[in-house]
1. Just to be sure before I move on: is residue 129 among the small types (Gly, Ala, Ser), out of contact with any Lys or Arg (no Cβ under 7 Å at 6 or more places or on another chain), crowded, with 18+ Cβ neighbours inside 10 Å and in the same structural domain as residue 214 (by TED's automatic domain parsing) in the structure I sent?
2. So how many residues does the stretch 285-339 have that are part of a helix (DSSP H, G or I), assigned by TED's automatic domain parsing to the domain that holds residue 402 and of a type in the set (Ser, Thr, Tyr)?
3. Of the conditions (1) farther than 30 Å from residue 415 by Cβ; (2) within 18 Å of the chain's Cα centre (by Cα); (3) buried (at least 17 other Cβ atoms within 10 Å of the Cβ), residue 233 clears all except one; give me its number.
4. (1) among the basic types (Lys, Arg); (2) under 26 Å from residue 187 (Cβ atoms); (3) surrounded by fewer than 18 Cβ atoms within 10 Å (Cβ to Cβ): which one isn't true of residue 105, the others all being true?
5. Check the stretch 239-249 and report whether any residue there is within 24 Å of residue 177 (Cβ to Cβ) and either part of a helix (DSSP H, G or I) or not assigned by TED's automatic domain parsing to the domain that holds residue 109 (or both).
6. Out of 30, 110, report the one residue that is surrounded by 14 or more Cβ atoms within 10 Å (Cβ to Cβ), assigned by TED's automatic domain parsing to the domain that holds residue 320 and in contact with a strand residue (DSSP E or B) (Cβ under 8 Å, 6 or more places away or on another chain).
7. Might you check whether a residue that is within 16 Å of the ligand (Cβ to nearest atom) and under 24 Å from the mean Cα position of the chain (by Cα) occurs anywhere in the stretch 37-47?
8. Yes or no: residue 262 assigned to a helix (DSSP H, G or I), charged (D, E, K, R), in contact with a Gly (Cβ under 8 Å, 6 or more places away or on another chain) and under 30 Å from residue 160 (Cα atoms)?
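The values are calculated or read from the model by the stated rules, or taken from the named source; none is laboratory data. Predicted model, so just to flag it, every value in this text is computed and none were measured. For neighbour counting, all protein chains shown are included, and Cβ atoms are generated from backbone atoms with ideal geometry for every residue, glycine included.
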Amino acid sequence: MTDNRFPIDEVRAQFPALAITDDGRARAYLDNPAGTQVPQATVDAVSRCLIESNANLGGFFPTTRAAEAVVEEAHAGMADFLNAASAREVIIGPNMTTLTYQMSRSLGHLIGPGDEIIVTRMDHEGNIAPWLQLAEDRGAVVRWLDFDRDSYEFKPEALDPLLSHRTKLLALNHASNLIGTINDVKALAAKAKAAGALVYVDSVQYAPHGPIDVQDLGCDFLACSAYKFFGPHLGVLWAREALLKELPAYKVRAVGDYLPDKFESGTPNIEGMAGLNGTLAYLDWLAERTAGEAHRAPYRHMRGRGQALHAAIDVFARYERDLTARLIEGLQSIPRLKVHGITEEADIDRRVPTVSFTIPGVAPKEIARRLAEANIFVWSGHNYALELVRHLGIDETEGVLRVGLAHYNTPDEVERLLSLLQEHYGAA
Ligand SMILES: Cc1ncc(COP(=O)(O)O)c(C=O)c1O
């Protein structure tokens, strides 16, 4: 069954946390870039796993076999979510940062003194610090890709002078966790690949807002975090199978060289993977409920659940666009308030609904505190986008006020935020 209008009430009914009130006041979860709420399907899957599948892997009795099935389903589901060539390319671990540190240690084998690594001034620390430390360990040179302060985007030609035969790695983000820009990963990856470099993409902030196709992007690694896309606290790292086979893994001797086990040493978070399966089942439901032929057509070539998962995300991305446009328009009507990021309505497709702003003379954390008093949840500070705030000339001890929407937010919640900001900061 499909419907032309996004069924926001039905969607919200899937997320039990959205109905919680505090002293009779509804919560407005606008803290989504730091972590999203989960659907009932995720909660149920975690609890079912802890009751029915609570055993270690590799045995013959029912609970161990059930646990194996959970782990397999999670890898296959994420392969479909990312349109990976196979589940062997999907590594599931504690979070994006830990997986990136882990992979940086393996990649160190390909990098030597005088080699070059490119990192960007738009990235979260999770995709900068591991590479800075790797460069230091291996005597490599770090080059910085700056974004344009007016357009809040990378100018594609800015990458050219940084690339050379010495470039071993480009690490860049798919979407910024602070200014919301969506980067043209495909074009930037193509340039880096042409120079012979590997490309490591941080899709943590893109995954909750846009469908990902790793084969189309042309990168070598892509990381995301399930808790940012309505799942439990897990990180997921995709990489090309040939690379994973070639790279040495830091693992115990008892673990073989099979993929992805080679990069998943230790007992996995089985209940977390069960929760992730629940999240993907929620997206299946959403596709069934909302995605018509037009939404599915661009993903027709994808195998398994890929088509449904991608179409579901495509549907809610369209819903998010209107909310984002209204949020930005409302923020800009507040005198002196500056939105740091793309604001033109015509360019709304080039950003995710993560909108940061400052008001001169007002500390972002004071705004966050005031909004919290009204049960509106937001974050303030640099949000680990340290280089980004420095590049924009923002005081890093203060940072910005960050509002981050998800597909379960409503126009009413946006209006509630805007009227509170108008009331307190609207006087010119
Ligand atoms: C863009 C981006 N990259 C990386 C991370 C780190 O993710 P994790 O908490 O899974 O390590 C975050 C977390 O906020 C993020 O927003």
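1. Taking the combined requirement at face value, the residue satisfies it.
2. Summing the residues that are part of a helix (DSSP H, G or I), assigned by TED's automatic domain parsing to the domain that holds residue 402 and of a type in the set (Ser, Thr, Tyr) in the stretch 285-339 gives 2.
3. Residue 233 satisfies every listed condition except (3).
4. (2)
5. no
6. The unique qualifying residue is 30.
7. So far as the stretch 37-47 goes, yes, one or more of its residues are within 16 Å of the ligand (Cβ to nearest atom) and under 24 Å from the mean Cα position of the chain (by Cα).
8. No, not satisfied.
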